[in-house]
Every structure is written in C-alpha cells, then in structure tokens.
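Right, one structure below, let's go through it.
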Amino acid sequence: MTAMDVQWTLVCSRCERTYPGLVERHRCECGRPLDVRLPPSAMTPDAVDRRLTSRQPLDRSGVWRFREWVLPLDEASVVTRLEGHTNLYDVPKLAAHVGLDRLRLKHEGENPTASFKDRGMTVAVSVARRLGKTRVACASTGNTSASMASYAATAGMQAYVFIPEGKVAYGKLSQAMAFGAKTLQIEGDFDRAMSLVQSVSASEGIYLVNSVNPFRIEGQKAIGFEILQDLQWQVPDWIVLPGGNLGNNWAIAKGLMELRAAGHIDRLPRIAVIQAEGASPLYAAYQRGGDLQPMAAETVATAIRIGNPVSFHRALAGLAATDGVVEKVTDQEIVDAKAVVDGAGLGAEPASCATVAGLKKLVTAGTVPPDASVVGVLTGHVLKDPGLVVDYHLGRLEGFNHTLANPPVKVEATEAAVLAAIR
Ligand code: F0G
C-alpha cells in the first residue's frame, strides 16, 4: 500500500478544508482538529455479523471487525490486542436504581488495558506504524497513557506519557510504568500537560496519539458499532457516557451518523454526556448556548478532571446531530453511584459511574422516560482506581458521606472469633 492508495482524506471539523489521508497533522491550518472522511464501502451489518465466527485476528478485534467503517488500512500495519468485543450487561438492579424499566451497560473496562481507550489506540498506533514512526506520546489522566504504553510496547515503539503529577489513579500509573513508557509527571494539571505534549511532539517529530488524533476517533466509533451489533442492529433511544476531553461522545456520534448516511440504520440514538460538576465546561456552554470557557478542573473522578477539552467543538456537533443532552453530577453522586455499580458485581472506575449518576438525574427530571431503551457506557475497570475504593470503604474520603461503605473487619485468628464475625 503506497500513500497513493490511501482512500480516506482528512477534513477540518470547522472549515471543511481537506488534507491527504496520511499527512502527519492532527489540526487544520485554522486550528481545529481534523476528522477522517472515509470512502464509500459495500460492507453491511450482515457481513459484519458473519465475521463473529471467524478466527482471523482482524475479525476477532471488536474494532477491526468493522474495518471498512473504521479505517481501510493495510493489514500489515495493524497493531492489535484483539480489543473490543466487550460485554453488554442487562442490569435489572441498576435499572431500578436509576428508575428505568430496563438498562444495559456496555463494559468497556473489559478491554485489554481495561478502558475504552484501546479501541482508538489500536488505530492510532497502527497509523503510526504505517507512517514509519518509532515514538509516540500523549498527555493523559491515566487511561490513554496505559493504553498507549501497551500498544507501543506491542509495536516496538518508545512511548512518552505526560501526566498531571499526583492526579493519576494507581492502576493507570502502574500500567504506564509496567509497559515501559517514559513517564513524565508534569507539575501541573492535565490541561497544561496537554498543551506541552502538543508542542513537544510537534518539535521532536513524535507521533501524538491523544484524541486530537483523528485515527483515535475512528477506532472509538466502534463502541457505537458494537452496541448496535449487540442489539442486533436495533438503535437504542439513548446512549449515555461520561465526558472529559470529549473525544468519545463525538466518536460514537460520528460513527452512527456515518451508518445512517450509508442507510444501515434509520435513526440515531440521543447521546447524553455526563460531566463531573467540578470539570463541566461542556455543561456550562450547553446551558448558556455559548462557547467554551475553560475552567480549573477538580473532581474525584480523575479520568475526567479536564477544564479545557480538546474536542469541545466536535462534541457540540455530535450533540446537535443526535439531539443530545449534557448533565452534570457532584462528586458525592459519583461515589454513591460507584458504590451501587460496584455492589451490583459489575464494578467500574469513578468516571464511568458518572454515567449511572447522570442517568438517574435524567430519569428523575423526565428527560429520559422510564420505558426508554438505554445503553450506558462504563468506560474503565474497577481496578483502575483502587485508592478511591479503599478510602471510600474505610470511610476516609474527606468531606463525603460513606453511606454504602463495606469495610473489612479485623478478626482474631480463632474459629470462635470468625464465627462471631460472620453471624
Ligand atoms: N472515562 C474514562 C475512564 C476516561 O479515562 C476518560 C478519558 C473519559 C471517561 C472521558 O472520555 O475524554 O473522550 O471525553 N480519559 C482521558 C485519558 C482523558 O487521558 O485517559 P473523553
């Protein structure tokens, strides 16, 4: 495959200027992020379904299974860890908790590095390989860096992660170090790390794989594709997910808009983006009807502790196209929802549980009717942030109610004491 054979183009999300598909740039000259425009494809939902029984690695990946709708890249370039094919759980207890007749949760924490980031990362790192890059970088609140570190190691590339010092949960920090990434703890917040990684990667020729990278968005579209496949191509009324840097809600919207344009579905789900109150610039702009006003972000859900989201404008476009809504939830609501999601046996990291907290609010407000068909996305695994779990159950989260705490009890090493404790 030569650069001439590349069939997609990159197009500006604001001014529609186009660029060749394999240029190493993520933003238009006007400054806005670029998106991939795919060539038309003959792929159909039926044909994608037939791949479910295949043993080929590309078919077994829950991203590359949809490759004609994601990115028609040459197979030799693909770096995959067979990501995706996560479970869609029917969760009656949680449905009752939020006030719905039925609720299904797509658990993206079941990806290889335990978050949805693997779906975008397989595509971005594959393109990096296609471009002959040997070094990749990202700024991250933790999950993107964990994922990048794993895919870079798989591909034999050097990874550089820029993380806000002291604000990355241990599960994620461990992964970046374990997978061999050069880990830079920036003495600043995520937004500062994001601005640094953009300038440093440009000047050093390191390939940037944050979600400003259009190929990350392409891979994350597969969350929406797989939800539809799980539902036998019936479109749900709502998809609900947390928002931080705001790439993911745009990715899901973009993918489903493309499926509708191709005639594979006849309507779009409404998308609800849930933000933490202390990191809610999209919510504020959505309420005001105005532009982005960056904020100093603070929340226990460190994954979405972002005050100046890179995909803000694309998120608005996705909301407009899907008649979407934005809700915000307090940190107390997030930890309460987390105790319920964890206690139901599923478990997810704090940011993911904003989905359930926000959904509860939207149902209570009457925005989402009780009989709506709703899919919530749990974006990361319960083990990503063990610190918060332990602090919650030991009643050590300062300023929080620990209503559902389940602390361990210390027991003398005798049968009598153990029996007394369990009775
Ligand atoms: N949930 C989790 C678990 C995340 O890690 C993130 C983002 C989000 C939700 C929000 O997704 O940014 O597309 O709106 N984490 C990024 C990171 C910022 O660096 O890992 P988004």
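The values are calculated or read from the model by the stated rules, or taken from the named source; none is laboratory data. As the structure is a prediction and not an experimental result, all values here were calculated from the model. Note: ideal-geometry Cβ built from the backbone for every residue, glycine included; neighbour counts use all protein chains shown. Ligands, DNA and RNA are excluded from the accessible area calculation, which covers all protein heavy atoms including side chains. Shrake-Rupley method; radii C 1.70, N 1.55, O 1.52, S 1.80 Å.
Side notes on the structure shown:
- Straight-distance crosslink candidates among lysines, where the alpha carbon sits under 20 Å from Lys182 and sequence neighbours closer than 8 are dropped: Lys117, Lys133, Lys167, Lys172, Lys384
- Accessible carbon and sulfur surface of segment 130-171 relative to its total accessible area, %, 1.4 Å: 44
- Overall form of segment 221-376 per C-alpha gyration tensor (a/c, 1.5; a/b vs b/c): oblate
- Rounded, prolate or oblate (a/c below 1.5 giving rounded, otherwise prolate when a/b exceeds b/c) for segment 206-245 by Cα gyration tensor: oblate
- Segment 287-396: GluC sites (Glu not before Pro) falling in loop per DSSP and having at most 15 other Cβ within 10 Å: Glu298
- Derived scalar couplings ³J(HN,Hα) [segment 79-90; Karplus, 6.51 cos²θ - 1.76 cosθ + 1.60; whole Hz; x for Gly, Pro]: 10, 10, 10, 6, 5, x, 5, 7, 7, 10, 9, 8
- Relative contact order for the chain, counting Cα pairs under 8 Å that sit 6 or more residues apart, in percent: 16
- Net charge of neighbours whose Cβ lies under 11 Å from the Cβ of Ala202, counting Lys and Arg as +1 and Asp and Glu as -1: 0
- Bins of 10 Å, starting at 0 and running to the largest distance - Cα pair percent for the chain: 5, 23, 34, 25, 9, 3, 1, 0
- Our helix-only sum for the chain, with -39,500 (n - 2.57) per DSSP H run of n ≥ 4 divided by its residues, gives a mean residue ellipticity at 222 nm of -11500 deg cm²/dmol.
- Probe 1.4 Å - accessible area at Glu83, Å² to nearest ten: 0
- Along each principal axis, Cα extent of segment 222-280, largest first, Å: 39, 18, 16
- Charge dipole (segment 266-315, unit charges on Cβ, about Cα centre) - positive-most of Ala315, Ala279, Leu292: Ala315
- Those aspartates and glutamates that a straight Cα-Cα span of less than 16 Å connects to Lys254, excepting residues fewer than 8 apart in one chain: Glu16, Asp35, Glu68, Glu218, Glu226, Asp266, Asp323
- Ordered from longest to shortest, the equivalent ellipsoid semi-axes for segment 77-164 are 33, 14, 8 Å, each the square root of 5 times a Cα gyration tensor eigenvalue.
- You can think of it this way: the chain between Ala47 and Tyr19 has 7.0 nm of extra reach, that is 0.36 nm per residue less the Cα-Cα gap.
- The alpha-carbon of Lys360 sits under 23 angstrom from the alpha-carbons of these lysines, leaving out residues fewer than 8 places away in its chain: Lys93, Lys106, Lys328, Lys338.
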